[in-house]
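Only one structure is covered here, and it is reproduced in the block below.
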């Protein structure tokens with residue numbers, strides 16, 4: 001697994017995301033590693049990320065799909081000179097296939113399945129204890145200039 | 001707006017949800033009020049719930065769609081003797097129509113649009129500064145007995 005997470009290559013001033021920004025002290029610090037074909041990662045929710053007792057909160061799982069999917073879109077769209085484009089989430093879909101146990105480390109895998117103009121569609125799977133629990137899809141779009149406050 | 005949030009009528013042992021459980025000290029405490037036709041609510045994200053600077057994190061917005069949608073499904077399915085069924089999220093869809101500014105209070109509105117057997121489909125809208133920013137859909141399913149650890 002490559003050492004530097006995709007999210008650590010985002011510009012400093014765009015690295016405050018609650019889900020994955022390295023500069024957000026109170027954030028989740030979701031990390032995606034790009035292996036050349038897929039975005040992969042691991043994440044262990046904290047005890048407070050509970051839904052019903054024993055299971056992981058759906059909004060936490062949606063956050064994993066979101067940040068891991070967007071980072072995978074960026075890594076897969078990196079230019080030859082190493083420029084990493086910054087994407088935002090246009091839409092997010094999450095199917096909770098079966099309950100996700102709270103406690104075990106979660107495994108994340110994501111891959112680009114489609115390009116729609118400048119938009120990138122990414123499928124994300126979250127597994128626990130060797131079984132896929134969540135299947136998600138992110139439609140990532142290049143960051144609009146109107147969202148850049150520089 | 002009725003005084004008691006739907007989430008405060010969940011059973012004590014099922015009230016630890018990170019998104020909306022009143023017994024989760026570190027949770028978000030998302031609250032839904034049922035007006036007889038719609039689930040309505042207000043929520044102000046904290047400064048750390050940032051995405052790109054100035055805007056609300058998508059995973060936070062997905063969490064609002066999730067907990068507000070599920071609570072609306074429950075309230076709309078309340079039996080005549082006042083028994084509130086407990087639902088879980090089967091799937092979640094979120095369209096980020098336009099960026100959601102971080103700072104202003106968000107307004108949540110949800111309504112049941114369809115029943116598929118025992119499943120309930122709920123549409124959720126999130127507005128800020130009088131404009132709809134997010135449109136979401138939750139498919140809520142009755143809590144499986146396998147998720148009850150009593």
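Quick one: if the Förster radius is 51 Å, what FRET efficiency do residue B:35 and residue A:83 give, using the C-beta to C-beta distance and rounding to 0.05?
Values: r = 50 Å, r/R0 = 0.99.
The calculated FRET efficiency here is 0.50.
Report, in degrees rounded to the nearest 10, the 0 to 90 angle that the Cα long axis of helix B:58-76 makes with the longest principal axis of chain B.
Long axis of B:58-76 versus the principal axis of chain B: about 30 degrees.
Counting other C-beta atoms within 10 Å, which of B:18, A:10 has the fewest, and how do the rest follow?
So the residues, fewest neighbours to most, are A:10, B:18.
Going 7 Å from the Cα of residue A:115 along its beta-carbon direction, which residues of region A:72-91 have the amide nitrogen within less than 11 Å of the resulting point?
A:76-79
Using helices alone, what [θ] at 222 nm do you get for chain A, with -39,500 (n - 2.57) per DSSP H run of 4 or more residues, divided over all residues and rounded to the nearest 500?
-4500 deg cm²/dmol
Restricting attention to the alpha-carbon atoms of the protein assembly as shown, what are Rg (one decimal) and Dmax (integer), both in Å?
18.4, 66
With the Cα gyration tensor of region B:99-150 in hand, give its eigenvalues times 5 under a square root as the equivalent ellipsoid semi-axes, listed largest first in whole angstrom. Before the final figure, lay out each step's value.
Details: eigenvalues 176, 44, 10 Å².
Result for region B:99-150: semi-axes of 30, 15, 7 Å.
With a point put 7 Å past each Cα toward its Cβ, work out how far residue A:95 is from residue B:147 in nm, to one decimal.
So the two model labels end up 1.7 nm from each other.
Please work out the ratio of the alpha-carbon Rg of region A:58-142 to 2.2 N^0.38 Å and round it to two decimals.
Here the Cα radius of gyration is 1.11 times the empirical estimate.
Which residues in region B:12-37 place their backbone N less than 17 Å from a point set 7 Å from the Cα of residue B:105 along the Cα-to-Cβ direction?
B:29-35
Per residue of B:6-19, how many C-beta atoms from partner chains lie within 10 Å of its own C-beta, taken as a mean?
Partner Cβ neighbours, averaged per residue: 3.
Going by how many other beta carbons lie within 10 Å of each one, how would you line up A:33, B:49, fewest first?
On the way: A:33 20, B:49 23.
With the fewest neighbours first, A:33, B:49 line up as A:33, B:49.
Ranked by Cβ crowding within 10 angstrom, fewest neighbours first, how are A:25, A:66, B:95, A:81 ordered?
A:81, A:25, B:95, A:66
Please compute the average number of Cβ atoms from other chains found within 10 Å of each residue's Cβ in peptide B:88-99.
The per-residue average across the peptide is 6.
Restricting everything to alpha-carbon atoms, can you work out Rg to Rh for region B:6-77 with a Kirkwood hydrodynamic radius?
A ratio of 1.00.
Could you please state, rounded to a whole Å, how far the C-alpha centre of region B:98-150 is from the C-alpha centre of region A:68-145?
Here the answer is 21 Å between Cα centres.
Per the Kirkwood definition applied to all pairs of different Cα atoms, how many angstroms is the hydrodynamic radius of chain B?
After inverting the mean inverse Cα-Cα distance, the result is 15.5 Å.
Using only the Cα atoms of region B:32-72, each taken as one equal point scatterer with no solvent, compute I(q) by the Debye sum, divide by I(0), and report log10 of the ratio at q = 0.21, 0.22, 0.32 Å⁻¹.
The computed values of log10 I(q)/I(0) come out as -0.68, -0.72, -1.06.
Each value in this text was obtained by applying a stated rule to the coordinates, not by laboratory testing. Keep in mind that this is a model prediction, so the values were computed, not measured. No Cβ is skipped: glycine too gets one built from the backbone with ideal geometry, and neighbour counts run over all protein chains shown.
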